[in-house]
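Only one structure is covered here, and it is reproduced in the block below.
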Amino acid sequence: MNGPQDLGGLHGLGPVQPESDEPVFHAEWERRAFALTLAMGAQGLWNLDQSRHARENTDPVTYLSQSYYQIWLRGLETLLRERGIIDEAEIQARMVELAGGKS
């Protein structure tokens with residue numbers, strides 16, 4: 001096992017319980033995080049392997065405590081920071097803005 005993303009199929013973790021008629025996205029932000037990751041990759045800013053590495057290169061506790069699309073968003077933030085497109089201050093400022101109800 002290389003990381004928490006490799007737990008599939010191990011004994012003792014219980015069965016997977018999919019939702020009946022589960023939507024692909026539960027919220028609009030999930031759709032946006034996924035789309036932005038793919039769109040920026042299509043612009044040549046990263047490839048599939050780099051995108052996956054950004055998602056899976058998270059400490060196990062954080063990885064296992066986040067939802068699927070929270071992991072995608074975290075990976076997107078990592079990729080954007082690594083390429084100098086955004087910085088941590090911009091991410092934090094936007095989070096404060098969104099928490100205040102502004103968009």
### Message
As an exercise: evaluate E88 against (1) out of contact with any Lys or Arg (no Cβ under 7 Å at 6 or more places or on another chain); (2) exposed (fewer than 11 other Cβ atoms within 10 Å of the Cβ) and give the number of the one condition it does not meet.
### Response
(1)
### Some residue of segment 19-27 being open to solvent by 60 Å² or more (accessible area, probe 1.4 Å) and assigned to a helix (DSSP H, G or I)
no
### Message
Looking at segment 30-46, I want the residues that are farther than 18 Å from G84 by Cα and have a partner that is outside any helix (DSSP H, G or I) and open to solvent by 50 Å² or more (accessible area, probe 1.4 Å) with Cβ atoms under 9 Å, at least 6 apart or on another chain. Which pairs are those?
### Response
E30/V24; R31/V24; F34/V24
### Query
Among the residues of segment 32-59, which ones are open to solvent by less than 80 Å² (accessible area, probe 1.4 Å) and among the acidic types (D, E)?
E56, D59
### Query
Just wondering, is there one or more residues in segment 71-79 that are open to solvent by less than 70 Å² (accessible area, probe 1.4 Å), part of a loop (DSSP other than H, G, I, E, B) and either closer than 24 Å to P18 by Cβ or of a type outside the set (A, V, I, L, M) (or both)?
no
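The values are calculated or read from the model by the stated rules, or taken from the named source; none is laboratory data. Source: prediction; values computed, not measured. Cβ: placed from backbone, ideal geometry, glycine included. Neighbour counts: every protein chain shown. These accessible areas exclude ligands, DNA and RNA; they are computed on the full protein's heavy atoms, side chains included. Shrake-Rupley method; radii C 1.70, N 1.55, O 1.52, S 1.80 Å.
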